[in-house]
């Protein structure tokens, strides 16, 4: 394929790569005066890349290493728009805490570039490049506030454990390459037709372990609570959303396109990880007092539900997984926007007790947190209910996953305790004192996410369902 054919397929990546380099130079020469230009330029670049992904042609580039199809377009639009929101929230927050910097939006653009490559990866090499490009930017973002010991600790923990997971992933990839003779997913799929060899299965298990770390699925979740708590809140909001959907789409692409004939083997592993995740997430969150740690365990549980859709090994299950992740990304972004909007005497309100009596001080934000908590809990007719409905429906319709679906539903009821405890604290406990006026940006995103959870989700469901169904077809399963 000539250059004329490559550029349309790789347009989103070209936009983000060139924008990151250009904005970095602009920020370096313009100094503090150019900080806002860099931030808004990054947001514009991400929106432009999302449009290019949605309207661009389908095909493959670089000998199959980069794939543009319905699944990658769906994921990229969600990823790029969420990262644009993260820049909007983070730039304002950094200015308020006295740490404005033009590097913040540039790093997020680079992370988004890596996430987009993950969603479009067609072989093991582009898979690794995308993961590392995303991860290296996120390591720096976690430790972005160098004067904060907790942030430095979070960045270091994420880096060390991330390096370990990369080692597992690379070892698995090398085994798969050695026993299949190719790094391309399609060629690996043809080489493993029939019964997959022992070496390939071992490599697949190591690859799954490395990817499970990236989505913070148990038992590879050990980094999540500490990193969520220590990182700057806008960075935590990013970590909880966009990288998860990028990794889940990559997960689905690797398993369905490189190992379509080994569904029986990998479905068992994914089901086990899913059930461990919902258990750890549901029970681990019960004892948390810090809201960011609580949301970390919530994310572990919710990734378990998404993995149930993937474990079904069907087009319906992959559609459910995409629907679940999209609706979850909106909910969790809104939840973190609520945390960014709340402070008392200039200090962030990040503990459960700090929310006491919030409905008397900030009724709008209290209502938003209530709606988002009930949504993530899965109460109908909020968006979180429909997300879980799709996943459980796909699991129940898959032979062998009925028990896993019932267990996931039971754990969802157990996890309801800590969401209801947040609501009880806001509505019935005595207030601790006056809160600061919420900033417009965080309040806007928080109320917007809550409004989407209900009632806007109702008309949006039919559109999202059609888009997710089209995207799921790209994985090639029945």
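The values are calculated or read from the model by the stated rules, or taken from the named source; none is laboratory data. Here the structure is a predicted model, which is why all the values come from computation and not from measurement. Using ideal geometry, Cβ is built from the backbone for each residue, glycine included, and neighbour counts are taken over all protein chains shown.
Values for this structure:
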{"quantity": "Qualifying residue in segment 111-134 (condition: over 28 Å from residue 472 (Cβ atoms) and at pLDDT 90 or above)", "calculated": "no"}
{"quantity": "Entirely in segment 173-232, the helices (runs of 4 or more DSSP H) that have 1 or more residues that are farther than 25 Å from residue 160 by Cβ", "calculated": "185-191, 198-214"}
{"quantity": "Matching option when the condition is in a helix (DSSP H, G or I) and more than 23 Å from residue 91 (Cα to Cα), among 28, 54, 50", "calculated": "54"}
{"quantity": "Matching entry among 164, 170, 127, 141 (being touching a helix residue (DSSP H, G or I) at 6+ places or on another chain (Cβ under 6 Å) and within 21 Å of residue 215 (Cβ to Cβ))", "calculated": "141"}
{"quantity": "Scope segment 198-223; condition within 18 Å of residue 257 (Cβ to Cβ) and over 26 Å from the mean Cα position of the chain (by Cα); matching residues", "calculated": "200, 201"}
{"quantity": "Residue within segment 323-341 that is assigned by TED's automatic domain parsing to the domain that holds residue 469, surrounded by fewer than 24 Cβ atoms within 10 Å (Cβ to Cβ) and modelled with pLDDT under 90 present", "calculated": "no"}
{"quantity": "Members of segment 272-293 that are modelled with pLDDT of 90 or more, over 16 Å from residue 221 (Cα atoms) and assigned to a helix (DSSP H, G or I)", "calculated": "291"}
{"quantity": "Any chance residue 64 is more than 24 Å from residue 319 (Cβ to Cβ), in contact with a strand residue (DSSP E or B) (Cβ under 9 Å, 6 or more places away or on another chain) and either at pLDDT below 90 or surrounded by 24 or more Cβ atoms within 10 Å (Cβ to Cβ) (or both)", "calculated": "yes"}
{"quantity": "Residue in segment 37-46 that is part of a helix (DSSP H, G or I), touching a residue at least 24 places away in the same chain (Cβ under 8 Å) and under 18 Å from the mean Cα position of the chain (by Cα) present", "calculated": "yes"}
{"quantity": "Qualifying residues in segment 434-467 (those that are without any contact (Cβ under 8 Å) to a residue 60 or more places away in the chain and either surrounded by fewer than 15 Cβ atoms within 10 Å (Cβ to Cβ) or assigned by TED's automatic domain parsing to the domain that holds residue 233 (or both)) - the one farthest from residue 331 (Cα to Cα)", "calculated": "437"}
{"quantity": "Verdict on residue 15 being surrounded by fewer than 18 Cβ atoms within 10 Å (Cβ to Cβ) and in contact with a helix residue (DSSP H, G or I) (Cβ under 8 Å, 6 or more places away or on another chain)", "calculated": "no"}
